[in-house]
Amino acid sequence: MTVETRFDELARSWEARPLLRELGITVREIEPGRALLAMERNGTNVSGVRDSINGGVQATYAELAAHIAIGTLLGDGERIDRTQDVSVSYVYSATSMWTIAEARVLRHGRLTVVDVDVRVGDAGEDEGRLNAKARVTCSLARAPR
C-alpha cells in the first residue's frame, strides 16, 4: 500500500465518523505529521459568544485535527492511547462560514505533541486570521508482541 493510499483511507475513515459529519468537518489535506481540516459553520457548531463557533467545539476540532496528524505517523501496532492535555488560547471569535484547522506534529514519541492553528477559511480580508491556537499532547501505546 502506498503512503497516499494509506492517507486517503485514513481521511475517509475519519470523515465517516458521525461527530465529524455533525460538526461539518472534512479532511482537506493529509501528509506525514500534518493534517488540514475544514469546518463549515452550521447549527450544531454555532452557539458561542457573538454568534460564533462554540469554544468547546473549537477545542474538539483542534484535538481531532491533532489525532489525524498523529495518525499519519503511527507505525504497525502503534495507536493513540489517550489525550493527555489540550490547551487552547482563543484569539478571535470564529464567525466565518469556513474555519480551517492545521495540525503539525512537533514531537513524535511516547508522548506526542501537536501544534494546531484554527483560522478563518473564508476568502476576503479576514482570510487566514487566527481564531484559536491549541497545543495537544497525546500518549501513544504499542500492541503487545
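The values are calculated or read from the model by the stated rules, or taken from the named source; none is laboratory data. These numbers come from a predicted model, not from an experiment. Virtual Cβ from ideal backbone geometry, glycine too; neighbours counted across all protein chains shown. To get the accessible areas, we keep the full protein, side chains included, count just its heavy atoms, and leave off ligands, DNA and RNA. Shrake-Rupley method; radii C 1.70, N 1.55, O 1.52, S 1.80 Å.
Some notes on this structure:
- Paired Rg and Dmax values of the range 58-145, which use every Cα atom, in angstrom: 14.4, 54
- For the range 60-145: accessible area per residue (Å², 1.4 Å): 52
- Whole-Hz couplings from phi, Karplus 6.51/-1.76/1.60, listed for the range 46-56; x for Gly and Pro: 9, 6, x, 4, 6, 6, 9, 5, 3, x, x
- Per residue, the average separation of C-alpha pairs within less than 8 Å and at least 6 apart gives the range 21-145 a relative contact order of 27 percent.
- Mean-square fluctuations from a GNM of the chain, with a 10 angstrom spring cutoff on Cα atoms, peak among Val116, Val91, Val105 at Val91.
- Of all accessible heavy-atom area on the range 1-86, the percent that carbon and sulfur account for (1.4 Å): 47
- Neighbourhood charge, 11 Å Cβ-Cβ cut-off, centred on Tyr92 and excluding it, Lys, Arg +1 and Asp, Glu -1: +3
- In units of the compact-protein estimate 2.2 N^0.38 Å, the range 1-108 shows a Cα radius of gyration of 1.09.
- Exposed GluC sites (Glu not before Pro) absent: longest stretch of the chain, with sites in DSSP loops and at most 14 other Cβ within 10 Å deemed exposed: 1-124
- Rounded to the nearest 20 debye, the dipole magnitude of the chain is 560 debye, with +1 charges on Lys and Arg beta carbons, -1 on Asp and Glu beta carbons, and the Cα centre as origin.
- Solution diffusion estimate, µm²/s, Stokes-Einstein, the range 82-121, Kirkwood Rh from C-alpha pairs, 4 °C, viscosity 1.567 mPa s: 109
- Note on the range 5-44: percent of Cα-Cα distances in each 10 Å bin, starting at 0 and stopping at the bin with the largest distance, equals 29, 54, 16, 1.
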